[in-house]
Amino acid sequence: MGEQIGMPSSRPMPAVAAGVSELRVKCKDGAYRAFYYIASAPGVIVFHAFVKKTQQTPPLELELARKRLKEVLDA
């Protein structure tokens, strides 16, 4: 509760939507990303995760993340 995650483990992702951040995990098997949205103080929505294969986040992953967040928030 109340913990803030910053770089290099997390960073804001305004390209997806305001309030969205990217959790960044790197291990010997590769790099992984998960997009999350802090809906309220006690709640976090993790709505998209993928294996990172390139330096830049692929546009298709950003588009899919936007779509999934909208589906969750509109439900």
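Worth a mention:
- If you go through segment 10-23 and pick out every residue that is without any contact (Cβ under 8 Å) to a residue 24 or more places away in the chain and more than 19 Å from G43 (Cα to Cα), you end up with 1.
- Counted as qualifying within segment 1-48 are the strands (runs of 3 or more DSSP E) with 2 or more residues that are open to solvent by less than 80 Å² (accessible area, probe 1.4 Å), namely 20-27, 30-40.
- Considering only residues in segment 49-66 that are open to solvent by 60 Å² or more (accessible area, probe 1.4 Å) and of a type in the set (K, R), the one that is nearest to Q4 (Cα to Cα) turns out to be R66.
- Some residue of segment 51-69 being farther than 17 Å from P12 by Cβ, among the β-branched types (V, I, T) and assigned to a strand (DSSP E or B): yes
- Given (1) among the aliphatic types (A, V, I, L, M); (2) more than 14 Å from V72 (Cβ to Cβ); (3) modelled with pLDDT under 90, index of the condition A15 fails: (3)
The values are calculated or read from the model by the stated rules, or taken from the named source; none is laboratory data. All of these numbers come straight from a predicted model, not from anything done at the bench. Here the Cβ is made from the backbone with ideal geometry for all residues, glycine too, and neighbour counts use every protein chain on show. Accessible surface is based on the protein model in full, side chains and every heavy atom, while ligands, DNA and RNA are left aside. Shrake-Rupley method; radii C 1.70, N 1.55, O 1.52, S 1.80 Å.
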